[in-house]
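Computed from the coordinates by the stated procedures, all read-outs in this text should not be read as laboratory data. Quick caveat, the model's predicted, so the values are computed rather than measured. As a convention, Cβ positions derive from the backbone with ideal geometry for all residues, glycine included, and neighbour counts pool all protein chains shown.
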Amino acid sequence: MRKILLYIIVLSGLILANALYGQELLNVKPGAVMKLDDGALVYINGGVKVDGNGSTNNGELIFAGSAANQSELKIDGNLTIDGVLSNEGGRLWLIGSLDAAILTNTYPYLIIDSLFINKTSGLITLNSDLLINNALVLINGQLNVNYSDLIFEIGSTLFANTSFQSARNLFSDDNCIFFTKGRNYAIPANDAGKVVFNIDPLTASAADYSIFLPGASTDELFSTSVIDYAPTWIKLYDAIDANINYDITDSIYISINITPEEHPAVEVENKSLVKYWSVISNGITLNTESVDLEFGYNQNDIPSGAIETNFEVLLFTPLYDDPNGYWLINPGDYNDVVEFNQDKFYANSSEFLDGNWVAGEQSAAKATYFSRQDGDFDDPNTWSYDSYGGAPASRAPNKRSDRVFIGQFAGDFHEVTLKTDEIVNILTVESGGLLLVDGDYSVTGDTFNLKTGATFKVAHSAGFAAVGGALSATGCIQTDVRLYSSSASYYFYGGTSGSFQFTGDGLPNFVDSLFIDKNIGATTVLEKDILINKALVIEEGTFDISGQILNGSSVGKTLTMNGGEFIVNVFPNNFDAPTFTVGTIHFESSGDAIIPSVASTPGVLQYYNLKISGERNGEITFQSSGETKISNELDLSELTFNPVQALRFNTNGSTITFNGGNQTIPHLSSTYDATYSDLQLAYNILKLEGSGTKSIQTVAGLKLIVKDDLLINGITLDGATSNIKVQGDWINDAGTFVTGTNSLEMNSPIATLYNDINILNGASNEFYDLMISGDGIVRTDDNILINNDIALDSSNFELVANTISIYGDWLGDYSTFEAATSTVIFTGDATEHTLSHNYNDISFYNLQIDRHSDNTKGYVYAEDFEANRGIYIENNINLDGSVIKTLGTFLQLDGTITRNGTYGGHIWGAMRKEVAANDVSNFQFELGSADNYTPIEFDFNGTGGITGLFQVESDTIDNTPTIPIYLDGTGEIQPENTNFPFDELQSVLRQWKISVPISSSFTLGARNFDVTATFVPADHRNSADFNLYSPQIYTGDTWVIPHRVNEPYVGTRTNESIEFIGLDSLGTLVIGEIDFPTYYSRADGSWKSAATWSTQKYGGIQALEYPPTFARVYIG
């Protein structure tokens, strides 16, 4: 040990050391101070330690000096500062041959103003972060940053000698800063030891700014036996030229770490340097062509399996092991070179700075993955490094540098499902491959390539976007390059009920096939016009083209629905007309809509559900060519119009067919009522077929309108839910019509044209109310049954040879009726039937009036006939115990009356029959009143006369002045006549008016007639004796009475009838007892012999007794 001259002065506890020699370790204790004055030079053949706690009880080591006279402390050992190290212009040297360490146990980092390193051997290791405030002079020796940071403060400099030179060529592996293997491996670069260069933004902005690190590394754990020099040089272009932005509100720096290992994220081992450089910046924003980087390496860094001449510049960014990290190859914008003859590589004009830099073959940075089976994107078993169907990979694609291919192997199409965000270099879906993005996940990276024959299945709510434009950064594909084949298939699926998925604008203008397979209630919305090369398939969910144009690229494409809803404003063109057996076609917009039919272009062979909605200012048109077939539902419930004052449905020429099972026929949006009749869907031809029951939407006050034919083909139409108006033919072919209590109006709007009611093949023929209207002609030649009324409203109705049965009334209003050879039957349980006809005569061919089901009489009342208008029966009447009341009109019968049952039936009122000239036939008029049958029979005698109508009317005699005999207030028969021939109080209260109608040409000629009038016992007044009855005819001004000698005379009398023989006068026939019995001699004989006398006439029928004392007797 050398002797050291010490000069110590103690002032107030301050220790000043002028010189100190021969100490193995200098230890400055808490409270002590060691100061090196200007020019002092101290060698420590060992370490220096300044003790303290970093706050109140510290030792202190001071370096003093000026630029010309500095103190120096030279140490051959460790430097440990736990107290205070004050830099006042002096220098600290690390020298000698021993390993040494720099550390502090109390501070976050150690600050040294100027540090000189000049070692003959030995390693200097940072065990704490070190900040260089002025200069680090590396004359000789290596500084190992270990896992600490070496920080160069703004204004500090790295020099290679005491001449303060910093040229790059003055550094080598003899004077360098190096990084060892062990600590740095597999530690994120932010935590590994590094060299940090703090940057002054003003200086860096003014001109190009360079950083040089004489770096080195060793591949041995904490050893310097082999040091590979690896210098690093970075130049930032001046801020104005390069448009670099420095954030002056933040710390601005660049840090560098060298890791002497093969990069852990290489795709293929032994194809790149076994060393990489980690560069981190802060507060610096680069643009293109902003920075040059150069890295030196050693031949020791090249693994045996690598070909250096194939090396390229590789950058892993962000730093390993960022989950978003990926490889870039040759990232410089201007020049990327590996100078293998000079052991260096560089990237010029780069827009990248941060990351792990290395040189190697492309295969080291680009992994290629081939699908080998169906599976998840993140499952290594889904992938092979070798080929489709190859051996499983050791990991799944996870970097932007990865190249990924999805395809098929031996006909096995691979479906790969993406369930997280993924980043790749290239993702290619080959023919037969399927990529499924199962949610709101995205693919980022360089290139996405969907090729011909591939399938892209997307559940992302934003679909996928094209490059550029407002949607570019949305959706499941966000790569820099996006290639979507026009010959690929696109599949949108998933979603929850009520959710919306948008296709994005990434769909190419042409697509091979488009599939929609959403969950029920979920919607996919088209965001651009497209053309489809093959097929559009909707499996489930809703597909809304949202005003876009979607068509086949040419004719003959396929449109299929296996469920779901297809919302369109215009139906797609160039598709073969589809037959929909499930799903809904929904026309939704604010304007016009044209509904395709079987024969239109575009066409639809059948809809399952057809929905029309929207607040529209236009017209809904059903095509006039072919049928519009609907097998389930036509939905108008969400359809509104604005304005509402116009006809909104154009169905002219169209045929709408409901051909499913149970269906409802709508005719008005549920948002409206009958006051909006202009907004009603009036069908043109309505065809109902298929199976089940077709019901009609009930709209109070509105009828279902069919402007042309209504066809019921083998199904049940429930008319109980709505009235119906048909302006064409009613054709029921083997179907059933449930009448309910609603009406069918058959309206024939065009004069001279026929509208038919056709009941075919055993179809039901019942109606409740049947109304006939219009200027044309409604005709039926099939039997029909009307459960209530038939009403003719200013119309024309024709029957042929059929039967029409009416349970209610016949109401004719200014209409005509042609009966042909038909039969009209009034039947059912109604107490009364009304037959009204206020325009002209009404003619029936056969008329039948049925008795009630309880065997009581049925009544038909003829009402509202104009004067001289009546009921014409061209053939026969069948009165099945019922009554036709014709008071106020007449019934003219050309055939016969059939009276069936207990009551038989009769005509109550005027009845006409035609009597021909010279006709001496028997004519019976089946007359009566109320419930009483009181017929009258005529037998014509002689020849001559003119053919014409003969009318008889039967009625009671009561206090109603009718035809024309009545009772006055005192009970006397009027009109009164002085020679009234019988006792009014002993008479029959019935009268028969016998006349010739005004329009008739009938005359008796030389003929007379016998009449037999029938009455009922209740007609006898005051127990009159029929044996004393005498008939009389009132002609209007005189009474025609029986004669004694010639005609007319009284025939047979009974309690219910009387004959009047030989009449040649027409008038009103009445019957009563004469005032005195009248006897006529009929043969020679005794006075008291009844055989001598007759009460008829001379020679008449024998009387019942000889004349009493009060009789009038005539002998002639």
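Observations
- Loop-resident chymotrypsin sites (Phe, Trp or Tyr not before Pro) (DSSP state other than H, G, I, E or B) in the range 766-844 with no more than 12 further Cβ atoms inside 10 Å of their Cβ: 814.
- Each label was represented as a point 7 Å from its Cα along the Cα-to-Cβ direction; for residue 472 and residue 555 these points are 4.2 nm apart.
- Counting only lysines at least 8 places from residue 611 when in the same chain, those with an alpha carbon closer than 18 Å to its own are 629, 694.
- With both labels modelled 7 Å from their Cα along Cα-to-Cβ, the residue 287 to residue 386 distance reads 5.1 nm.
- Sorted fewest first by neighbouring Cβ atoms within 10 angstrom, 1003, 960 come out as 960, 1003.
- FRET E, pair residue 247, residue 69, Förster distance 41 Å, beta-carbon r, rounded to 0.05: 0.45
- Take the Cβ atoms of residue 500 and residue 157, set R0 to 60 Å, and the FRET efficiency comes out at 0.45.
- Hits among aspartates and glutamates - C-alpha to C-alpha of residue 703 under 16 Å, sequence gap 8 or more where chains match: 673, 678, 718, 745, 769
- The slack in the chain from residue 1046 to residue 1065, taken as 0.36 nm per residue of separation less the alpha-carbon distance, amounts to 5.4 nm.
- Built amide H within the under 5 Å cut-off of residue 738, gap 5+: 717, 718, 719
- Extension reserve of the residue 662-residue 440 stretch, reckoned as 0.36 nm per residue once the Cα distance is removed: 75.7 nm
- Taking a straight Cα-Cα cut-off under 28 Å and skipping sequence neighbours fewer than 8 places away in the same chain, the lysines within cross-link reach of residue 913 are 857, 885, 993.
- Shape of the range 373-458, Cα gyration tensor, a/c cut at 1.5: rounded
- (1) 67; (2) 53; (3) 59, with the label sought being that of the calculated percent of Cα pairs over 43 Å apart: (1)
- Of 275/419; 74/235; 419/518; 49/275, pairs whose Cα-Cα distance is over 26 Å: 275/419; 74/235; 49/275
- Shape category assigned to the range 8-161 from the gyration tensor of Cα positions, a/c cut at 1.5: rounded
- Taking a point 7 Å out from the Cα of residue 864 in the direction of its Cβ, none of the residues of the range 883-921 has a backbone N less than 13 Å from it.
- Site pair residue 1018 and residue 200 shows an inter-label distance of 13.8 nm when each label is modelled 7 Å from Cα along Cα→Cβ.
- The length gained on full extension between residue 419 and residue 781, counted as 0.36 nm times the residue separation minus their Cα-Cα distance, comes to 123.1 nm.
- Residues with amide H under 5 Å from that of residue 835, placed H, sequence gap 5 or more: 810, 861, 862, 863
- Between the listed residues 383, 846, 784, the Cα displaced farthest toward the positive end of the dipole of the chain, a dipole computed from Cβ unit charges relative to the Cα centre, is found at 383.
- Amide H within-cut-off set for residue 135, under 5 Å, with H built and near neighbours excluded: 114, 115, 157
- Quick note on the range 491-546: its Rg to Rh ratio, both from C-alpha atoms and Rh being the Kirkwood radius, is 0.95.
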